[in-house]
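To start, the structure itself, in structure tokens.
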Amino acid sequence: MRIFIAGASGAIGRRLVPLLVAEGHHVTGATRSADRVAVIAALGARPAIVDVLDAAALAAAIADARPAVVIHQMTDLPKVFDRDALAAAREANARLRREGTRNLVAAARAAGAERLVAQSVAFLYTTGRLPHEVSDPLDASPAHEVTVSGVKALEEAVTGTAGLTGIVLRYGRLYGPGTWHERPGEPPTVHVDAAADAARLAVTRGAAGIYNIADDDGSVSIERARAELNFNPGFRAG
């Protein structure tokens, strides 16, 4: 199967590409940074340099890749945890979720893709009874308003586009290789390998909609992901 991954050189993308290549998929991995092309090629994917905020360039890149499935693993966050840098990045990350996702969905539809799998977050639910279901409201208080606005725009674009099976994976806080944290911290959490494997599974499994992808720690319900995607929070690569 032909697959296009936006954000292929990110924390999840780097773990996901080898999983897909090992299954025999033809993967195009997109990045906006020329210095990451060699990384993507070494993982076994065909690199593409494109900024998803450039709608025309993105449409051309996806048309050239001719994917059946598009995977959205884009963020605009600092590589190392820094509270001040993170605060400054919120607006840019929300813009990427709003505009970048809109461009990605439009390009996927124009290229004839049938399925789109996108990264979201499972740690912004309002306080309430646990475990949180995906139907629970998100916390749009002033502290999280910018982030939640971007998340909602992403999720609505992915799941609300006719003719495209849109799957949203709400990830817990990532830990493991290439992330901010070596070990799990405040729940919900998910190991980066399990997060990547959930995206691999969603390429061929699951109905359209939203899935919590997290460790089985009781903070969010992962039953739908287990039942429909065969998600295993204990998955580790290698």
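The values are calculated or read from the model by the stated rules, or taken from the named source; none is laboratory data. These numbers were taken from a predicted model, which means no experiment stands behind them. Every residue, glycine as well, gets a Cβ built from its backbone with ideal geometry; the counts of neighbours run over all protein chains shown.
Just checking, which of 42, 106 is at pLDDT 95 or above, surrounded by fewer than 16 Cβ atoms within 10 Å (Cβ to Cβ), part of a helix (DSSP H, G or I) and on the phi < 0 side of the Ramachandran plot? Result: 42 is the single residue among 42, 106 that is at pLDDT 95 or above, surrounded by fewer than 16 Cβ atoms within 10 Å (Cβ to Cβ), part of a helix (DSSP H, G or I) and on the phi < 0 side of the Ramachandran plot. Per the conditions (1) at pLDDT 95 or above; (2) surrounded by 16 or more Cβ atoms within 10 Å (Cβ to Cβ); (3) assigned to a loop (DSSP other than H, G, I, E, B), the sole criterion not satisfied by residue 97 is (3). Would you check which residues across segment 199-232 are surrounded by fewer than 16 Cβ atoms within 10 Å (Cβ to Cβ), of a type in the set (Gly, Ala, Ser) and part of a loop (DSSP other than H, G, I, E, B) and list them? 207, 208, 218, listed by residue number. Looking at residue 146, is it hydrophobic (A, V, I, L, M, F, W, C) and modelled with pLDDT of 95 or more? When the stated conditions are applied, residue 146 does not pass them. Checked against the criterion of being in a helix (DSSP H, G or I), touching a residue at least 24 places away in the same chain (Cβ under 8 Å), touching a helix residue (DSSP H, G or I) at 6+ places or on another chain (Cβ under 8 Å) and of a type outside the set (Val, Ile, Thr), the candidates 53, 58 yield just one match: 58.
Summed over segment 19-39, the residues that are exposed (fewer than 15 other Cβ atoms within 10 Å of the Cβ) and either without any contact (Cβ under 8 Å) to a residue 60 or more places away in the chain or under 19 Å from the mean Cα position of the chain (by Cα) (or both) give a count of 6.
If you go through segment 45-73 and keep only what is within 17 Å of residue 1 (Cβ to Cβ) and either at pLDDT below 95 or among the β-branched types (Val, Ile, Thr) (or both), you end up with 62, 69, 70, 71.
For segment 205-237, which residues satisfy the criterion of being free of Cβ contacts under 8 Å to residues at least 12 places away in the same chain and of a type outside the set (A, V, I, L, M)? Within segment 205-237, 223, 226 meet the criteria. If you take the residues of segment 163-178 that are part of a loop (DSSP other than H, G, I, E, B) and modelled with pLDDT of 95 or more, which of them is surrounded by the fewest Cβ atoms within 10 Å (Cβ to Cβ)? The residue in question is 177.
The condition of being within 24 Å of residue 1 (Cα to Cα) and in a loop (DSSP other than H, G, I, E, B) holds for residue 112.
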